[in-house]
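Heads up: the structure comes next, in structure tokens.
FYI, it's all coordinate maths here, none of it is from the lab. Just so you know, these numbers come straight off a predicted model, no measurement behind them. Cβ coordinates were reconstructed from backbone atoms using ideal geometry, including for glycine residues, and neighbour counts include every protein chain displayed.
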Amino acid sequence: MPSPLLSTRDLTVRFGGHVAVDHVTCDFHAGQLTAIVGPNGAGKTTYFNLISGQIPATEGSVTLKDREITRLPVADRTDLGIGRAFQLTNLFPGLSVFENVRLVMQARRKKGFDLFSMAAAHDGINDAARDVLLRVGLWDLSGQSVSELSHGNQRKLEVAMLIALDPVVYMFDEPTAGMSVDEAPVVLELIAQLKADTSRTILLVEHKMDVIRTLADRIIVLHNGALAADGPPAEVMASDVVQEAYMGKALEDV
């Protein structure tokens with residue numbers, strides 16, 4: 001089997017006497033979408049934060065493409081290929097839809113700090129931003145201020161900005177949170193399209209079992225910060241201990 005794109009080894013973080021993530025070891029391979037599930041407080045978002053660099057690890061390591069990145073800051077991890085979408089949208093609300101995507105592309109291509117005055121001179125960036133917005137169905141809203149967008153369109157824009165980063169690891173933390181039943185399928189379809197690129201890997205924190213059944217190739221279950229189960233969706237969901245202890249309520253709701 002080829003080397004994983006991303007690995008964690010005994011990844012741990014303690015806050016005082018509380019162990020929020022407890023020696024989690026996992027490999028994530030190209031062409032795979034892994035859903036990370038578990039009850040509230042299980043450590044899912046904290047595990048994400050350790051991978052993307054929002055918080056430092058107490059023990060263990062994070063490796064991206066055979067390079068250890070455990071002590072690197074967020075910006076360096078982003079440059080190396082980790083792209084993160086948050087449970088709450090992380091956008092520039094005072095700028096237009098187009099400017100949000102263009103700024104990400106300029107930063108990604110290291111075009112300097114004069115982002116506004118020099119934007120027209122950056123060959124290809126405007127066209128590339130337009131292509132991304134067309135891909136996510138937001139080109140018709142490209143001139144609109146982000147603050148005026150619906151919540152669903154803000155989530156779509158966040159996916160567009162992730163695509164603009166061109167990461168090798170896509171990380172989605174509850175991408176449909178707060179979305180209406182009409183808005184959610186559009187974002188899920190965008191994630192499905194990203195999954196078709198088998199050179200990348202996708203990590204997805206999600207509570208909705210129907211979403212996980214549709215998208216996931218693999219499920220890992222966290223409980224009290226520790227890895228409780230890891231395997232194909234059907235196998236993990238069929239496990240008595242997982243259904244009863246970790247996903248019972250969600251499964252009853254489906």
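Give the separation of the Cα centroids, segment 150-193 to segment 39-80, in Å. Value for the Cα centre distance between the two parts: 21 Å. Shown in residue order for segment 33-50 are the 3J(HN,Hα) couplings computed by the Karplus curve 6.51 cos²θ - 1.76 cosθ + 1.60 at θ = phi - 60°: 10, 10, 8, 10, 10, x, x, 4, x, 6, x, 5, 5, 5, 4, 4, 4, 5 Hz (x for Gly and Pro). Look at (1) 19.7, 66; (2) 18.5, 60; (3) 18.1, 55: the one that is Rg and Dmax of the Cα atoms in Å derived from this structure is (2). A viscosity of 1.002 mPa s and a temperature of 20 °C, combined with the Kirkwood radius over C-alpha pairs in the Stokes-Einstein formula, give segment 1-58 a diffusion coefficient of 174 µm²/s. Residues whose amide H falls under 5 Å from that of A229, counting only those 5 or more places apart or on a different chain, are V221, with hydrogens built in the peptide plane.
Work through the residues other than E189 whose Cβ is under 13 Å from its Cβ and net out their charges, Lys, Arg +1 and Asp, Glu -1.
Net of charged neighbours comes to +2.
For segment 27-108, the fraction of C-alpha pairs farther apart than 17 angstrom is 59 percent. Think of it as helices only: each DSSP H run of n ≥ 4 in the chain is worth -39500 (n - 2.57), and spread over all residues that comes to -10000 deg cm²/dmol at 222 nm.
Have a look at the DSSP beta bridges in the chain and tell me what percent are antiparallel, nearest 5. Display every interim value, and only then the final one.
Values: 20 of 37 bridges.
Percent antiparallel among DSSP bridges in the chain is about 55.
Just to check I understand the Karplus step: with θ = phi - 60° and J = 6.51 cos²θ - 1.76 cosθ + 1.60, what whole-Hz values come out for segment 151-163, glycine and proline as x? With the stated coefficients, segment 151-163 comes to 4, x, 5, 5, 5, 5, 5, 4, 5, 4, 5, 5, 4 Hz. Of the residues Y170, G94, T214, the one whose Cα sits farthest toward the positive end of the charge dipole of the chain, with +1 on the Cβ of Lys and Arg and -1 on the Cβ of Asp and Glu, is G94. What the phi angles of segment 127-138 give under the Karplus curve with 6.51, -1.76 and 1.60, with θ = phi - 60°, is a coupling list of 5, 5, 5, 4, 4, 5, 5, 5, 4, 9, x, 10 Hz, glycine and proline written as x.
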